[in-house]
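We did not get these values from a lab; they are worked out from the coordinates using the rules stated. What you are looking at is a predicted structure, and each value in this text was computed from that prediction instead of being measured. When we count neighbours, we look across all protein chains shown, and the Cβ atoms used for this are built from the backbone with ideal geometry, even at glycine.
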Amino acid sequence: MSEIHLYSEVSRENAEMRAAATPEILDAWRNFSKTVFKPGALDEKTKQLIALAVAHVTQCPYCIHSHSKQAIRKGASKQEMMEAVWIAAEMRAGAAYAHSAMAMDEIMEAEKKSSQSSNS
C-alpha cells in the first residue's frame with residue numbers, strides 16, 4: 001500500500017511539466033518573484049519574514065516551508081520568525097472579529113423585523 005500525502009510532493013518531473021505548459025507565464029512570474037524579494041527599502045530578511053507571515057495567513061504549506069528556509073538563510077532568528085507567525089495569527093483573528101460587524105448587522109436587522117411583525 002502506498003503512502004498517502006495530503007499535498008503533492010514537488011518533483012523535478014512535475015516542475016518540468018508545469019514549466020513546459022506555460023513557459024512565458026512561468027518566466028514572468030519567476031522574474032516578478034526575484035524582483036519582489038530583492039533588497040530595497042526593506043532588506044531581504046524582513047521581506048522573508050513578511051512572506052512567512054503571509055504564508056501562514058494564506059495557509060500555504062509550500063510557502064511556509066520555502067519562506068521559513070529563506071528567512072533562516074537571510075539571518076532570521078527563531079524568535080523573529082515566531083513573532084512574524086504570531087502577527088499573522090493576530091491579523092487573521094482580528095479580521096474575523098472585524099467582519100463580525102456584518103453578522104451583527106444581520107442580527108440587528110432580523111431583530112428589527114421580528115419586533116415589527118410582533119407589534120403588528
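Numerical summary
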{"read-out": "Spin-label pair PHE32/THR46, simplified geometry with 7 Å Cα→Cβ offset, distance in nm", "value": "2.4 nm"}
{"read-out": "Angle in degrees between helix 23-36 and the longest Cα principal axis of the chain, rounded to the nearest 10", "value": "80 degrees"}
{"read-out": "Those residues of segment 30-64 whose amide nitrogen sits under 16 Å from the label point placed on HIS99, 7 Å along Cα→Cβ", "value": "56-60"}
{"read-out": "Qualifying GluC sites (Glu not before Pro) for segment 1-101 [loop in DSSP, other Cβ within 10 Å: at most 15]", "value": "GLU3, GLU9"}
{"read-out": "Top of ILE87, ILE107, ILE64 by mean-square fluctuation, Gaussian network on the chain, Cα under 10 Å", "value": "ILE107"}
{"read-out": "MRE, 222 nm, helices only [DSSP H, n ≥ 4, -39500 (n - 2.57), over the chain, to nearest 500]", "value": "-26500 deg cm²/dmol"}
{"read-out": "Candidates ALA89, ALA110, ALA19: whichever shows maximal mean-square fluctuation once the chain is modelled as a Gaussian network with Cα springs under 10 Å", "value": "ALA110"}
{"read-out": "Option label - P(r) over Cα pairs in 10 Å bins from 0, in percent computed here, alternatives (i) 11, 25, 25, 18, 10, 7, 3, 0; (ii) 15, 47, 27, 10, 1; (iii) 14, 53, 32, 1", "value": "(i)"}
{"read-out": "Straight-distance crosslink candidates among lysines, where the alpha carbon sits under 21 Å from LYS78 and sequence neighbours closer than 8 are dropped", "value": "LYS45, LYS47, LYS69"}
{"read-out": "Contour excess over end-to-end distance, with Cα ends at ALA21 and ALA89 and 0.36 nm allotted per residue", "value": "20.9 nm"}
